[in-house]
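Here the structure comes first, spelled out in structure tokens, and everything after it is commentary.
Read the figures in this text as sums done on the coordinates, not as results from a lab. As the structure is a computational prediction, the values presented were derived from the model and not from experiment. Every residue, glycine as well, gets a Cβ built from its backbone with ideal geometry; the counts of neighbours run over all protein chains shown.
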Amino acid sequence: MKRRYFPPRLKYKHIPTILLALLIVLLLLIPQFAGKYVTYMTMHILLFSLFALSFNLLLGYTGLLSFGQASFYAVGAYACAKILLVVPSLLLGVIGGVLFAGIIAVILGFLCVRHTAIYFAMLTLCFGMMIFSIAMKWRAFTGGDDGLVGIPRAPLEIPGIFSLDMSPMENYYYFVLIVSLIAIFIFYRIVNSPLGLTLQGIRDSESRIAFAGISVRNYRLIGFIIAGLYAGLAGAMLPPLENTVTPPIAHWSHSAQAVLASLLGGIHTFAGPIVGALLFYVIKDIIVRFTEYWLIFLGIIVLVLVLGLRGGVVSVFQDRLFPWLRLRFGEGGANERITKD
Amino acid sequence: MSELLRTEGLRKCFGDLAAVDGVNLNLEADVLTSIIGPNGAGKTTLINLLTGNISPDSGKVFFKGVDITKMPTDKRVKRGICRSFQIMNIFPRLTVFKNVQLPVLSVLNKSLKPFSRLDDHRDAVAEVERILKEVGLWEKKDLLAGELSHGDQRLLEISMAIAAKPELCFLDEPSSGMNPVERVKVLELIKSLSTEREVTFTIVEHDMDVVFSLSERIIVMNRGKIIADGEPAQIRENKEVRDVYLGEEL
């Protein structure tokens, strides 16, 4: 049956925008009323959201299942850490981390995008584990399984122009929040641009897209690099937060967390990975209080949600409960039906 | 008449079977050509070779005098060759509008734009509107392509093929699975598109009524070889063709 939604009543049109504005205000106020723990968790959720988004650019938009997304996160984190240990400048560290992740993405992407489906997944898994091994074994450079420690939360400064002290948690929170919001906004623009449309075409039919005059391999590589940059950005903001980086962030199970979060939220929606990241952390945080085998219970909950809410939490919200939501947030994925009011 | 596409000794084997066996072919501009033949004659394989889906074992393909034998599909499309598929090949999870918008943006070399909105490219939007109105899918532009009826999906495929602004466009069984009414509509559409958009169509068809009412030239294939080539009237009289079609009334 064809589903069609009637044009929403005018008053509905602005609700998503208002909700979004309220959410941003809430995020801005968190350090003022929520305490250190929630502030700290929110930062982690923001980083994880960027990480999950980067993964979903490949799966939900380009149709490529990557199991190596954590390697770019790790490259971003280690590169940022290395830079901060030498030059205490936050801006330099983060930008350096993103750039390094991008360079690695160019190299690995060049080798990976020649293959699709399971071969692509296996290749990304292999390269991911190679990066993990380097983090684990190259003790002189990466610190081995101890990781890198004593990374300063360097001030945000451009010498001679301004300098912001980042050592209070709240200050760093605002840095992470603003960078994340800007990054998410740019991501939104990308997936709704001609480039985003082309990537979605690759997802839907590789053989057809070639007959639009598009080189599938080149565009997959572009998608892969953008995803790498985003994972790198998420990773690069981690060392100043934790003051350490350790190899587990490069492990494939860390990539798998992005897979879980995206599935949980819905891979065919823009906001899916972000909502999934939030749910993932909240569920994990609750379960961890009761048992150290939290991953088993998390797995069961994800299983139930994925089977019960096919298409993810966000899809279900949009399709069944509040169809008008997609006016604002539904674009980009599979379920876009109304693009103009 | 100017030559658009030429092949020299084109050959492709699958195992021991020569699906296309030494085909020498000329396709001329502005001549609506049909390729017919019984099942397994090698028609689709021939098109796959010409559009770059598969590469030949031997032989060459020239497009407007340029050797394109080794050229990948997307580059051939940029030079002016496009096609539709026998088995439906659309972007099922995108809207009808975006299905056409994608190749249009590619023609305008705008596929790489990462930050602009889709609707900001007015020229593309206008072109999509023109195409969809021409094929009669404008009313359904906001539906997902996967939700369209079979006939409409075929129309959409033709829209996507011509959106790439080809000079030469192959249509692989454009009317398969359609009812007689839809079939007539598609025929009319192909005729009007070929004059209005100056596209040279080459059609693979099973339906003889379609072939003989539409084509200006017919190429008959059997077992990988071209066995007849000429105007519809000539083909109708050709003995070998009649034998291949087991005395079917042509």
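Points worth noting:
- The angle between the Cα long axis of helix B:150-163 and the longest principal axis of the Cα atoms of chain B comes to about 80 degrees, rounded to the nearest 10.
- Among the listed pairs B:LYS12/B:LYS75; A:LYS36/A:LYS137; B:LYS113/B:LYS140; B:LYS78/B:LYS185; B:LYS165/B:LYS239; B:LYS43/B:LYS75, those whose Cα-Cα separation exceeds 31 Å are A:LYS36/A:LYS137; B:LYS165/B:LYS239.
- Each 20 Å bin, from zero up to the one with the longest distance, holds this percent of the alpha carbon pairs of the protein assembly as shown: 19, 44, 27, 10, 1.
- Among A:PHE141, A:PHE48, sorting on how many other beta-carbon atoms sit within 10 Å of each Cβ, with the fewest leading, yields A:PHE141, A:PHE48.
- Measuring nothing but how far apart in sequence close Cα pairs (under 8 Å, 6+ apart) lie, relative to its length, chain B scores a relative contact order of 26 percent.
- Gaussian network model of chain A, springs between alpha carbon atoms under 10 Å - residue of A:VAL282, A:VAL113, A:VAL302 with greatest fluctuation: A:VAL282
- Proxy reagent accessibility, fewest Cβ within 10 Å first, across A:TYR173, A:TYR73: A:TYR173, A:TYR73
- Net +/- balance of residues flanking B:ILE162 in space, Cβ distance below 9 Å, scoring K and R +1, D and E -1: +1
- Taking amide H as placed 1.01 Å from N in the peptide plane, the amide H of B:THR95 sits under 5 Å from that of B:ALA145, each at least 5 places away or on another chain.
- Alpha-carbon Debye profile of the stretch B:191-250, log10 I(q)/I(0) at 0.17, 0.22, 0.27 Å⁻¹: -0.60, -0.92, -1.26
- Note on chain A: with a GNM built from Cα contacts shorter than 10 Å, the maximum mean-square fluctuation among A:CYS126, A:CYS112, A:CYS80 falls on A:CYS126.
- Once C-alpha pairs closer than 8 Å and six or more residues apart are averaged by separation and normalised to the residue number of the stretch A:149-300, the relative contact order reads 17 percent.
- Among A:265-277, B:93-105, the order from most to least packed when residues are scored by Cβ within 10 Å on average: A:265-277, B:93-105
- Using θ = phi - 60° and Karplus 6.51 cos²θ - 1.76 cosθ + 1.60, couplings along the stretch A:180-193 (whole Hz; Gly, Pro as x): 5, 4, 4, 4, 5, 4, 4, 4, 4, 5, 4, 6, 9, 9
- Angle in degrees between helix B:180-196 and the longest Cα principal axis of chain B, rounded to the nearest 10: 80 degrees
- Taking a straight line from the alpha carbon of B:LYS225, these aspartates and glutamates sit under 13 Å away, with near neighbours fewer than eight places off in the same chain left out: B:GLU8, B:ASP21, B:GLU240.
- Annotation: amide H-H contacts under 5 Å for B:ALA228 (H modelled 1.01 Å from N, sequence separation of 5 or more, or interchain): B:VAL220.
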